[in-house]
1. Which peptide among 42-50, 120-128 comes first, and what is the full order, when sorted by highest mean count of other Cβ atoms within 10 Å?
2. Given a Förster radius of 22 Å and the C-beta distance between LYS20 and LEU127 as r, what FRET efficiency does 1/(1 + (r/R0)^6) yield to the nearest 0.05?
Amino acid sequence: MYTKTTSEYELNTVGTEDYKIARLDMPVLVGLKLIGPLNVFSSPAFQYTLQNDFNDIEYNEIDNEFKVGFNFGASLEFGRLGLDVRYERGFNENEVSFIEANLGGSATEYRLDSRPEQIILSLSYRLSAAK
């Protein structure tokens with residue numbers, strides 16, 4: 001999956017700035033059908049960072065472009081229609097840091113954690129009939 005996220009951060013001197021990350025995600029979902037339409041699943045998720053951009057500065061040299069995370073969640077299936085919710089969290093520590101010069105000569109150091117921590121909602125439609 002190709003994933004692109006944007007987070008907003010507030011800086012002292014310029015207001016808010018967007019932190020943009022684009023990456024390739026490969027979750028390896030393993031699930032269990034519980035009762036009727038209810039399924040639960042969990043998996044490792046492998047992520048490769050393609051773009052890491054903040055304040056119009058690209059950070060190509062983050063600590064590690066390849067990360068491993070974890071997913072878990074539940075889904076409901078109604079015929080060909082599916083709905084799932086999952087929680088994703090990255091395992092590897094992966095920070096980007098920069099220093100912003102303030103008025104008056106002082107400086108502020110910022111650290112941005114590029115690990116994903118998100119809740120994902122999905123709606124799906126199966127093209128073939130269920131077996």
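Nothing in this text is a laboratory measurement; each read-out follows from the coordinates by a stated rule. In this text the structure is predicted, and so the values were computed from the model without any measurement. Note: ideal-geometry Cβ built from the backbone for every residue, glycine included; neighbour counts use all protein chains shown.
1. My ranking of the peptides, most packed first, is 42-50, 120-128.
2. With R0 = 22 Å, the Cβ-Cβ based efficiency is 0.10.
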